[in-house]
Each structure stands twice: as C-alpha cells, then as structure tokens.
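The values are calculated or read from the model by the stated rules, or taken from the named source; none is laboratory data. As the structure is a computational prediction, the values presented were derived from the model and not from experiment. With ideal geometry, Cβ positions are generated from the backbone for all residues, glycine too; neighbour counts draw on all protein chains shown.
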Amino acid sequence: MEALKVIVVAVMAGFAVSALVIIFMALYRNLNKLGRGKRVLIIRFLCILLSLLIFVSLATYTKTDYIKKGIMGFSLGESVANRCGVTGAFISHILFVLFGTSAYIIPIV
C-alpha cells in the first residue's frame, strides 16, 4: 500500500511539473510580445509573490506539520497548520532540511 502511495505521488508530481512547464512556456511566449519595461515589471511582480509565499510558509512552519514517512520524510495526507497549506508546509520543510534557519535569507535574496 505504501508503494502505491509513492507511485501516485510521483505521478501527480509529474503532472504538476508538466503543467508548470506548459504554463511557463505560454507565459514566455506572451512576455516576448510585450515591451521590455512591461516584461521586467511582470517578472519583478512574480518574484515578489514567490518570495512572499516562501516567507509566509517559513514564518508559519511548525514541526508538527509533517510526519517522518513518505517521500523526503513528508506525508502529504496530513492536515497542516501552515498558512500556505500543504504547499507551504512542504516548501518550508524542504528549505529547513536543506538550509536550516538560514532559509529565511532565501525570500530576501
């Protein structure tokens, strides 16, 4: 049963990555049609949104948001207290595992 969960999560992750690639390709094509000033403005806005998502997910991270099982020590089936939901809990967990408390520097950069 655990192997089936891993396979399902891997397939879902593959679909998510494929969808993101398609979205970014469409954005790239449409951004090329805009002027340079508008492109820079949109890219800056998206970077600010991404940094806010990362900061809020790191700020509301609790160690009870994950259980040490599943892929990378994170169980996606549990309810989380993170303000950004499961996505924020996953992002903050991965960043804290990789960088520790210095992960707070990432949204600033």
| said: I'm trying to understand the selection: among the residues of the range 1-42, which are of a type in the set (A, V, I, L, M, F, W, C) and touching a Leu at 6+ places or on another chain (Cβ under 8 Å)? | reply: V9, I42
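Step by step: first the residues of the range 55-97, then only those that are of a type in the set (K, R) and at pLDDT below 80, then the one that is surrounded by the most Cβ atoms within 10 Å (Cβ to Cβ). Which residue is that? Walk me through how you get there before you give the answer.
The first filter runs over the range 55-97 and keeps only residues of a type in the set (K, R), leaving 63, 68-69, 83.
Checking which are at pLDDT below 80 leaves us with 63, 68-69.
Numbers: K63: 7, K68: 7, K69: 12.
Checking each candidate, the answer is K69.
Does G14 satisfy the condition of being surrounded by 10 or more Cβ atoms within 10 Å (Cβ to Cβ) and assigned to a helix (DSSP H, G or I)? Can you show your working first?
On the way: surrounded by 10 or more Cβ atoms within 10 Å (Cβ to Cβ): yes; assigned to a helix (DSSP H, G or I): yes.
Yes; evaluated as a whole, the condition is true for this residue.
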| message | Looking at the range 48-63, can you tell me whether even one residue there is more than 15 Å from F90 (Cβ to Cβ) and charged (D, E, K, R)? | response | no
